[in-house]
């Protein structure tokens, strides 16, 4: 199997100097060998996301800890929703992120979806073009005998001005307006039993958004948390019913799992969006129809 990261050997000098736009697929995932060769680069910021206890036990040298809770609004009624841009700018600048930095995010004792949620957040801030994920996270790094540390790095505050992107997040009104729209494919990233309506989360309705197809987030990486090759991922999208040129609008339970679909869609060159409120929001609106069973209801 050819790994996604094996295709990527990108010079660190490609870090964007200004924000805006989205990531070049060639830069979106880096391998452990790539990161090992660039650990001492002055403009590199490494962010570990996952479990704080695991981070304190061992993390990649120079990595700062990014708390998942800092990526969620404290005032929204929804479980998970992007905070205001000024709050995000404060969070990331304190971790050393700046407009002139190259950023690598990796999972440290957590789940890949936490890293893709962090990527989406930076993409919404206009920093997607200079942000990458480490394929396989800390597990891959340690399995290769690469160095880890318990020491927290000295962090110099970054100079960061967000460039908010209006083509990352959509709301329920957008979906209602585009149900069945040509060239727009809604993708449900939840496990099949939730999509089909065979299982239901507490307090939520059964089923899925009309017209949505099901591409479970867990199918996009292998058992070790590494992404499948671009050709394999492209085949998964095609078999799901996603056509070349489609705009991929993903959702899940609360907007976490679906960031895997968002990230993969961007990597494959699709125009992608995330319905941040996801099923939690849709299910709460009784006027929005929910359907059960197979695709294209």
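Points worth noting:
- Between the Cα long axis of helix 85-94 and the first principal axis of the chain there is an angle of about 30°, rounded to the nearest 10.
- When you restrict to C-alpha pairs under 8 Å that are six or more residues apart and normalise by the size of region 118-244, the relative contact order lands at 23 percent.
- Answer label, with P(r) over Cα pairs in 10 Å bins from 0, in percent calculated from the coordinates and candidates (1) 6, 26, 34, 23, 8, 2, 0; (2) 5, 18, 22, 21, 15, 8, 4, 3, 2, 2, 1, 0, 0; (3) 6, 29, 36, 22, 7, 0: (3)
- Here the contact order of the chain, divided by its residue count and restricted to Cα pairs under 8 Å and six or more residues apart, works out to 22 percent.
- Antiparallel beta bridges, as assigned by DSSP with both residues in the chain, represent about 10 percent of the total such bridges.
- Expected 222 nm ellipticity per residue - DSSP helices of 4 or more, -39500 (n - 2.57), all of the chain, to 500: -7500 deg cm²/dmol
- Exposure proxy ranking for 106, 119, 267, based on other Cβ atoms within 10 angstrom of each Cβ and starting from the fewest, stands as 267, 119, 106.
- Highest-fluctuation residue, 70, 250, 31 considered, GNM on the chain with Cα pairs under 10 Å: 70
- In this calculation the C-beta distance from residue 40 to residue 151 is compared with R0 = 25 Å, giving a FRET efficiency of 0.95.
- With respect to the chain, whose longest principal axis is taken over its alpha-carbon atoms, helix 258-267 is tilted by about 70°.
- Exposure proxy for 285, 253, 182, 38: other Cβ atoms within 10 Å of each Cβ, ordered fewest to most, give 182, 285, 38, 253.
- Beta bridges by DSSP in region 158-297, antiparallel share as percent, to the nearest 5: 15
- Gyration tensor (alpha-carbon) shape descriptor, region 4-143, a/c threshold 1.5: oblate
- Taking region 4-143 and dividing mean pair separation by its residue count, relative contact order in percent (alpha carbons under 8 Å, at least six apart): 37
- Segment residue 57..residue 204, full-extension length gain: 49.1 nm, with 0.36 nm per residue of separation and the alpha-carbon distance subtracted.
- Between 0 and 90°, nearest 10: helix 230-240 axis offset from the chain longest Cα axis: 10
- Considering only region 33-135, percent of DSSP beta bridges that pair antiparallel, nearest 5: 0
- Ordering 289, 40 by the number of other Cβ atoms within 10 Å of each residue's own Cβ, fewest first, gives 40, 289.
- Inter-label distance, nm, simple model (7 Å from Cα along the C-beta direction), residue 94/residue 224: 3.6
- Considering only 256, 274, 160, the mean-square fluctuation computed in a Gaussian network model of the chain, springs between alpha carbons under 10 angstrom, is largest for 160.
Every number here is computed from the coordinates shown, using simple stated rules; none is lab data. Nothing here was measured: the structure is a model prediction, and the numbers come from that model. No Cβ is skipped: glycine too gets one built from the backbone with ideal geometry, and neighbour counts run over all protein chains shown.
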